Amino acid sequence: MEASRYTKAGSRILIAVAVQAEHDVILQALPDHARQRCDVIIVGVGPASAAARTAAHLATESDRYRMVISAGIGGGFAPHAPIGSIVLANQIIAADLGSETPDQGFLSVDTLGFGRSIISADRRYTTELTSALRASNIPVHVGAVLTVSTTTGSAHTTAALVQRIPDATAEGMEGFGVAMAAELFRLPIMEMRAISNEVGPRDRDSWRIPDALKSLRQATRILAEVL
Ligand SMILES: O=C(O)c1cccc(C(=O)CC[C@H]2O[C@@H](n3cnc4c(=O)[nH]cnc43)[C@H](O)[C@@H]2O)c1
């Protein structure tokens, strides 16, 4: 959806994260001037919780905002998005919203005619933030960020996702929910993921959460300059 379709003219930025650790990192990274213009809310893990809590927040406050950002740690698709890098979404895709079939593979809700599974991120701010991150030597990749209800945990599912969505760059569990809520209130959306693990066979011990949170902190400082 293009920016011209949005009608709200608030001045604040709403940043939606899944868990407390992400909230604390982002809030601490925001300089004072930016903290006065941003609200960081915890919306829980998964798209349903994220959609419900973001929409509940916006239901009474949407006129205050001009942008919603889904942010947090995420899985990166190799070789595009290594651990510690930042991924910005150009498209936010509900990757498991559809139907499995015995003969045609996965059919998205779009194909089934039940709704849609892709929301475009705000192009202008995503481009500006990408440039600013690159100028600060923070590794950043722009591509599709998938929202899943079940964290991908096998080589088979990873391969199937990449085959279906060749631009798959990162994976999280909240982006599409936050984006649906933002769109309901006609607000532009961005998604920013700091990569903690490679998407693939589940190995929780290999998740580098401190590295990802450090990247999230650095990227948030740059975000504050751009917004
Ligand atoms: O244990 C901690 O210290 C801690 C700190 C920050 C975040 C967490 C989480 O477990 C956050 C869960 C959150 O992470 C996203 N995520 C990360 N990797 C993946 C993935 O490979 N596939 C899907 N989602 C991923 C997701 O958005 C979860 O909500 C723990």
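The values are calculated or read from the model by the stated rules, or taken from the named source; none is laboratory data. Because the structure is predicted, anything quoted here is derived from the model rather than measured. Cβ coordinates were reconstructed from backbone atoms using ideal geometry, including for glycine residues, and neighbour counts include every protein chain displayed. Heavy atoms of the whole protein, side chains included, go into the accessibility calculation; ligands, DNA and RNA do not. Shrake-Rupley method; radii C 1.70, N 1.55, O 1.52, S 1.80 Å.
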Report the per residue volume, in Å³, of the convex hull enclosing the C-alpha atoms of the stretch 178-226. 96
Measure off 7 Å from each Cα along the Cα-to-Cβ vector at residue 184 and residue 214, then give the distance between these two points in nanometres to one decimal. 3.9
Can you pull the accessible area of residue 206 for me, 1.4 Å probe, Å² to the nearest 10? 40
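Counting only C-alpha contacts under 8 Å and six or more residues apart, can you give the relative contact order of the stretch 107-227 as a whole percent?
Relative CO of the stretch 107-227 lands at 29 percent.
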Set Lys and Arg Cβ to +1 and Asp and Glu Cβ to -1, take the dipole of the stretch 6-226 about its Cα centre, and tell me which of 196, 78, 104 lies farthest positive. 196
By accessible area (1.4 Å), largest first, 85, 131 order as 131, 85
Based on Cβ point charges of +1 for Lys and Arg and -1 for Asp and Glu, what charge dipole magnitude is obtained for the chain about its Cα centre, in debye rounded to the nearest 20? 620
Could you calculate the FRET efficiency of residue 206 with residue 33 from 1/(1 + (r/R0)^6), where r is the beta carbon distance between them and R0 is 30 Å, rounded to 0.05? 0.20
Expressed in Å to one decimal, the Kirkwood Rh of the stretch 20-82 from all distinct alpha-carbon pairs is 13.5
If you restrict to DSSP beta bridges whose two residues both lie in the stretch 6-226, what percentage is antiparallel, to the nearest 5? 30
From Cα pairs below 8 angstrom and at least 6 apart in sequence, can you work out the relative contact order of the stretch 6-226, rounded to a whole percent? 32
Kirkwood hydrodynamic radius over Cα pairs of the chain, then Stokes diffusion coefficient at 4 °C and 1.567 mPa s, in µm²/s: 75
Amide H to amide H under 5 Å from residue 38: which residues, 5+ apart in sequence or cross-chain, H placed 1.01 Å off N in plane? 13
So, for the chain, what is the accessible surface per residue at a probe of 1.4 Å, expressed in square angstrom? 46
Under the rule of at least 5 residues apart or a separate chain, name every residue whose amide H is placed under 5 Å from the amide H of residue 140. 86
For the stretch 190-227 and the stretch 62-137, distance of Cα centres in Å: 14
The chain, helix-only ellipticity at 222 nm - DSSP H runs n ≥ 4, -39,500 (n - 2.57), divided by all residues, nearest 500: -11000 deg cm²/dmol
The answer for trypsin sites (Lys or Arg not before Pro) in the stretch 1-101 that fall in a DSSP coil and have at most 16 neighbouring Cβ atoms within 10 Å is 8, 37
The farthest towards the positive end of the charge dipole of the chain, of the residues 146, 30, 133, given +1 on Cβ of Lys and Arg and -1 on Cβ of Asp and Glu, is 30
How large, in percent, is the carbon and sulfur part of the accessible surface of the chain at a probe radius of 1.4 Å? 52
